[in-house]
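Novice: Could you have a look at this structure, given as structure tokens, before my questions?
Laboratory data are not the source of any read-out in this text; all were calculated from the coordinates shown. These numbers come from a predicted model, not from an experiment. Positions of Cβ are backbone-derived with ideal geometry, glycine not excepted, and every protein chain shown enters the neighbour counts.
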Amino acid sequence: MKKFIILIVTAVLVVGLQAEKRPNILFIAIDDMNDWTGFLGGHPQAMTPNMDKLANEGMNFTNAHCSAPGCSPSRNALLYGIEPFNSGLYPFYNHKDVHIGLRKKYTTLPKFFKDNGYNTYGSGKIHHGQNGTDEEWTDYLQLSGVKKEFKSGEGYQIGNSSKMSFRPTTNALKDHQDYKVASYGIDILNKEHGKPFFLAVGIVKPHLAFDAPKQFFDALPERIEPPEILANDVDDLTGEAGRLSNPRDDKQFKKDKAWERVRKSYLACIAWADYNIGRVVDELKKSKYADNTIIVLWSDHGYHMGEKQEFRKFTLWEESTRVPFIIRDLRNKNAAQGRKCTQAISLINVYKTLADMSGLKVPEYVDGRSLVPQLKDPEEPVELPAYISWGKGNYSVRTEFWRYNHYFDGSEELYDHAKDQHEWHNLASNPEYNSQKAKMKAMLPQNEAPTVSLQTATLLSGQDRVDAKKLKKK
């Protein structure tokens, strides 16, 4: 009997010690940031010293991609841990209506950590369209807005639109939303924690409007270099692939001779995001939790800045799907500096990776693979390509050197990234590449879940958009 009691006590102590050793998580989400950063080399005038430093300290996944090129489906995939083609979460949703039911079926990432003994804290944009629920968060910052003040005569604005604004603000830094979001993270890091914590900091910039404090505009050169653009880039696209090219904003900016101001505003917003990210990361490094905290930084999708005559996201092309993605494990002091993984990686892997690094078992339904093997050796082959969905029936398969897009109407694209990093030349109709196209096509998702509740969904692409139009005509 004594031996049995000793075994039970020992087991309890071991479990307790394991729980104590579990890492904290600093989960930094960014909205609409493409590769215009120093650590990804997307634009030569990018000012991102804090993220550059973080990338050099951790693993920089230089070929990372979102699960969908829109805020709602991308964040749903990462936070619920399930691909859109398996969940049916293809469009944009009102979180309060649809997700009450979804949370009965799936476990969100913050709730997963909360259920496993973590205190969970959130601020800013983590989910799309909601601030958080008590079942997910121990505490969540409730933000109050401040009216923006702008530098008169500077920047660009379309009409009186508050969204299509590209202007320097003159408010005090502390009055801006992202400053408040970062300050909340700093406050949490300065508290005493008896349990491991999951701290989510959701930076909103560079999402539209492209407004940022004036000092970040002033720090940029007067002349902003444009990205490399091929004038007839979309001429080799057909069907749904061609429809995804929306030149409306491009025409407006060209008419107003505003592209340079738009791009400067985007770079200023990226610098402003970097500033606030740096505030939080620096505070973590000064805190008692530095040695036992994993940092994961990601953006929900990329952004076009004139490439393929496109502004914004919502496409299956590189500019829209490629994202910043860094994992820094502050527990590993001996890790080599400046490590990079160039393999195609999907953000769907975040859920399993953080669980694996924390010694936790994920729900059975969770998609993706743990990236722990790649964190140890960036050349360790990944088991799956990166899948990107944009509406039911529209999918992209991204490997290290190839992208294949297949649309619900049968139109296709094939790009060789070893020779064509800008995706200027669609090889899908070239018979010389039939073998490679067939190989990529075989990787397409085999499952296609029906779309979840269209009543509160905004349809932007895919078969559901076409079906919805047919129903409306009837």
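Novice: When residues of the stretch 385-400 are filtered for being of a type in the set (Val, Ile, Thr) and in contact (Cβ under 8 Å) with a residue 60 or more places away in the chain, how many remain?
Specialist: Of the residues in the stretch 385-400, the ones of a type in the set (Val, Ile, Thr) are 388, 397, 399.
With the extra rule that they be in contact (Cβ under 8 Å) with a residue 60 or more places away in the chain, the set shrinks to 388.
Residues in the stretch 385-400 being of a type in the set (Val, Ile, Thr) and in contact (Cβ under 8 Å) with a residue 60 or more places away in the chain: 1 in total.
Novice: Among the residues of the stretch 199-228, which ones are outside any helix (DSSP H, G or I) and surrounded by fewer than 15 Cβ atoms within 10 Å (Cβ to Cβ)?
Specialist: Applying the first criterion (outside any helix (DSSP H, G or I)) to the stretch 199-228 yields 199-213, 219-228.
Correct list: Ala219, Pro221, Glu222, Arg223, Glu225, Pro226, Glu228.
Novice: Okay, moving on. Lys191 is checked against (1) surrounded by fewer than 21 Cβ atoms within 10 Å (Cβ to Cβ); (2) in a helix (DSSP H, G or I) and fails just one. What number does that condition carry?
Specialist: (2)
Novice: I'd like to verify a number: residues in the stretch 250-305 that are charged (D, E, K, R) and in contact with an Asp or Glu (Cβ under 8 Å, 6 or more places away or on another chain), how many?
Specialist: Start the filter on the stretch 250-305 by keeping residues that are charged (D, E, K, R), which leaves 250-251, 254-257, 260-261, 263-264, 274, 279, 282-283, 285-286, 288, 291, 300.
Adding the requirement that they be in contact with an Asp or Glu (Cβ under 8 Å, 6 or more places away or on another chain) leaves 250, 300.
Number satisfying all stated conditions: 2.
Novice: Within the stretch 367-374, does at least one residue satisfy the condition of being surrounded by 15 or more Cβ atoms within 10 Å (Cβ to Cβ), acidic (Asp, Glu) and not in a strand (DSSP E or B)?
Specialist: Among the residues of the stretch 367-374, at least one is surrounded by 15 or more Cβ atoms within 10 Å (Cβ to Cβ), acidic (Asp, Glu) and not in a strand (DSSP E or B), which makes the answer yes.
Novice: Hey, among Gln343, Gln421, which residue is closer than 30 Å to Glu240 by Cβ and over 19 Å from the mean Cα position of the chain (by Cα)?
Specialist: On the way: Gln343 fails: over 19 Å from the mean Cα position of the chain (by Cα).
One residue alone meets the criteria, Gln421.
Novice: Taking the stretch 150-185 only, how many residues are more than 16 Å from Arg279 (Cα to Cα), of a type in the set (S, T, N, Q) and out of contact with any helix residue (DSSP H, G or I) (no Cβ under 8 Å at 6 or more places or on another chain)?
Specialist: So the count comes out to 7.
Novice: Hey, another quick one. Exactly one of (1) of a type outside the set (Gly, Ala, Ser); (2) closer than 29 Å to Ala77 by Cα; (3) more than 24 Å from the chain's Cα centre (by Cα) is unmet by Lys257. Its number?
Specialist: (2)
Novice: Moving on. What is the residue count in the stretch 425-437 for residues that are in contact (Cβ under 8 Å) with a residue 60 or more places away in the chain and crowded, with 16+ Cβ neighbours inside 10 Å?
Specialist: Residues meeting the conditions: 1.
Novice: Quick one: how many residues across the stretch 229-261 are among the small types (Gly, Ala, Ser), in a loop (DSSP other than H, G, I, E, B) and at positive phi? Reasoning before the result, please.
Specialist: Taking the stretch 229-261 as the starting set, the residues that turn out to be among the small types (Gly, Ala, Ser) are 231, 239, 241-242, 245, 258.
From what is left, the residues that are in a loop (DSSP other than H, G, I, E, B) are 231, 245, 258.
Then drop every residue that is not at positive phi, which leaves none.
Selection size over the stretch 229-261: 0.
Novice: What about Asn434, is it outside any strand (DSSP E or B), more than 23 Å from the chain's Cα centre (by Cα) and among the polar types (S, T, N, Q)? I'd like the intermediate steps shown before the answer.
Specialist: Values: outside any strand (DSSP E or B): yes; more than 23 Å from the chain's Cα centre (by Cα): yes; among the polar types (S, T, N, Q): yes.
Answer is yes for this residue.
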